[in-house]
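The values are calculated or read from the model by the stated rules, or taken from the named source; none is laboratory data. Just so you know, these numbers come straight off a predicted model, no measurement behind them. With ideal geometry, Cβ positions are generated from the backbone for all residues, glycine too; neighbour counts draw on all protein chains shown.
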């Protein structure tokens with residue numbers, strides 16, 4: 001029986017109708033598609049990318065704001081330090097005023113020349129220390145009165161028309177630190193009567 005089966009074998013033919021089998025050149029031109037996700041995954045991916053871009057933009061904006069805040073705080077801190085320093089220096093200016101008053105009163109007296117010399121040296125040293133801080137007295141006497149630099153505490157009649165509206169007497173010196181006025185002077189202003 002086995003020999004009978006061999007003779008009864010049927011031959012059949014298979015025709016492959018796939019397009020790439022019929023045309024061999026199409027296989028070379030074929031593009032392999034990338035992984036294709038279901039549409040909802042693609043939509044979620046697009047949303048995620050948009051959210052990440054928005055987040056990066058927001059972080060950049062916050063970094064810029066933080067830099068601006070730090071700069072503003074630095075400037076405010078510097079201004080606060082400058083104000084506190086100016087207030088402290090103004091307090092010390094009273095010491096210079098008192099030393100100058102002591103010298104004025106000592107000029108009238110001939111007693112204790114060593115004390116007068118000691119006060120002069122102390123005042124000189126004190127003014128030198130203030131100068132190292134950038135603090136200097138303004139020279140106002142003989143100059144036209146400027147209300148931005150001094151306060152007029154009195155008017156003095158003068159005979160010279162060139163001294164009209166000029167500072168003729170300084171009651172209290174004005175001091176500046178660089179371009180900033182630390183303390184205005186107290187002065188008497190000349191008035192020409194004609």
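Looking at the stretch 129-146 only, could you name the residues that are in contact (Cβ under 8 Å) with a residue 24 or more places away in the chain and assigned to a loop (DSSP other than H, G, I, E, B)?
Of everything in the stretch 129-146, those that are in contact (Cβ under 8 Å) with a residue 24 or more places away in the chain and assigned to a loop (DSSP other than H, G, I, E, B) turn out to be 133, 134, 140, 141, 142, 143, 145.
Can you list residue pairs whose Cβ atoms sit under 9 Å apart, with the first residue in the stretch 101-116 being at negative phi and in contact (Cβ under 8 Å) with a residue 12 or more places away in the chain and the second being in a loop (DSSP other than H, G, I, E, B) and surrounded by 10 or more Cβ atoms within 10 Å (Cβ to Cβ)? Count only pairs 6 or more apart in sequence or on different chains.
As it stands, the answer is 106/112; 116/109, since those pairs meet every condition given.
Do the conditions hold for residue 170, that is, is it in a strand (DSSP E or B) and surrounded by 14 or more Cβ atoms within 10 Å (Cβ to Cβ)?
In short, yes.
For the condition closer than 24 Å to residue 178 by Cα, at pLDDT 95 or above and either out of contact with any helix residue (DSSP H, G or I) (no Cβ under 9 Å at 6 or more places or on another chain) or surrounded by 11 or more Cβ atoms within 10 Å (Cβ to Cβ) (or both), what is the one hit in 73, 93, 62, 99?
Details: 93 fails: at pLDDT 95 or above; 62 fails: closer than 24 Å to residue 178 by Cα; 99 fails: at pLDDT 95 or above.
Answer to the selection: 73.
Considering the stretch 105-119 alone, what residues qualify as being surrounded by 15 or more Cβ atoms within 10 Å (Cβ to Cβ) and closer than 29 Å to residue 86 by Cα?
119
Would you mention how many residues in the stretch 135-159 are more than 30 Å from residue 79 (Cα to Cα) and in contact with a strand residue (DSSP E or B) (Cβ under 7 Å, 6 or more places away or on another chain)?
Final tally of qualifying residues: 10.
Evaluate the stretch 32-42: report whether one residue or more is part of a helix (DSSP H, G or I), surrounded by 10 or more Cβ atoms within 10 Å (Cβ to Cβ) and at pLDDT 70 or above. Please lay out each step first, then the result.
The first filter runs over the stretch 32-42 and keeps only residues part of a helix (DSSP H, G or I), leaving 39-42.
Next cut, surrounded by 10 or more Cβ atoms within 10 Å (Cβ to Cβ) only: 41-42.
Subsequent filtering for residues that are at pLDDT 70 or above retains 41-42.
Scanning the stretch 32-42 turns up at least one residue that is part of a helix (DSSP H, G or I), surrounded by 10 or more Cβ atoms within 10 Å (Cβ to Cβ) and at pLDDT 70 or above.
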